[in-house]
Each structure stands twice: as structure tokens, then as C-alpha cells.
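Where a number appears in this text, it was derived from the coordinates with a stated rule and is not lab data. Here the structure is a predicted model, which means the values were calculated and not measured. Heads up, the Cβs are rebuilt from the backbone with ideal geometry, glycines too, and the neighbour counts pull from every protein chain shown.
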Amino acid sequence: MTTIAETETPADVHPEDLHHDTGRSWQVAAALFVLTGLEVSTYFWPHGWHRVTHVTLIVMMVLKFAAVAAFFMHLKFDHTMLRRLFVFGIILAMVVFLGVLSAMTFWVNSGTTDFNNAPHERPIPPPPTRAPTS
């Protein structure tokens with residue numbers, strides 16, 4: 001599918017051609033509202049579902065990024081280089097996010113005993129000391 005930016009020169013593109021109708025904007029806004037509601041609802045999902053929750057959140061993150069960039073930033077009408085720049089940005093964000101996520105979630109309790117794990121309960125405070133006598 002070719003876009004306006006790929007088939008015409010910038011002088012041939014009119015500003016009214018670059019905007020979609022208001023109804024489409026409201027549809028995209030409603031879809032973003034529903035996706036945001038789903039993202040918030042993952043807080044209440046059972047704790048055992050954390051791997052499913054993380055994958056679901058990543059998919060919703062990419063969908064929301066694509067919708068905002070394509071419709072509200074009018075990226076689908078821009079030059080291909082800008083589109084590639086935004087795609088590189090989302091890929092880089094996903095790589096960083098997945099690296100941190102895997103380090104904090106998927107590799108917990110990996111079976112190794114080489115590390116001294118910190119205690120999970122609160123430490124008991126030391127007994128109070130007496131004030132120095134003078």
C-alpha cells in the first residue's frame with residue numbers, strides 16, 4: 001500500500017489530504033481508552049499470571065504506540081525515513097524493556113546457590129542504647 005508521501009512530491013500534497021475525519025480520531029481515542037483500561041486491569045490479575053500479564057502489556061504497548069504515532073502524529077502520511085525512525089524507537093524500547101523484565105522477573109530463583117540472597121523479612125532493630133553519662 002502506498003501512501004501520499006511516497007507517490008507525490010511535497011508540493012503536490014495539500015494539508016487537507018493529510019488529515020483524517022473526526023470520526024476516525026474518536027474511534028482511535030476509544031480504542032486507546034479501552035487498551036488503557038485493560039492495562040490498568042492487569043494490576044488486579046492473579047499474581048501467578050505475571051508472565052502472561054507482561055506479554056499482554058508488551059503487546060498493548062506496541063498497539064498503543066502504533067495508533068498514536070500513525071493517527072495523532074500523522075506518521076502514516078510522513079516520509080518513510082521518519083516512519084523508520086519511530087519503528088526503531090519502539091524496537092529499542094522493547095529490547096530495553098524485555099532485558100530489564102527478564103532480569104527482574106524470569107530469572108528470579110534460577111536455581112543457583114552462588115549468591116547470598118537478602119532476607120525477605122524485616123530485620124529486628126537493635127536494642128536501645130543508654131544515654132552517655134557525664
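The fewest-to-most ranking of ILE58, ILE91, ILE124 by surrounding Cβ atoms within 10 Å reads ILE124, ILE91, ILE58.
Ranking of VAL87, VAL40 by neighbouring Cβ atoms within 10 Å, starting from the fewest: VAL40, VAL87. Ranked for footprinting exposure by Cβ neighbours inside 10 Å, fewest first, VAL34, VAL28 give VAL34, VAL28.
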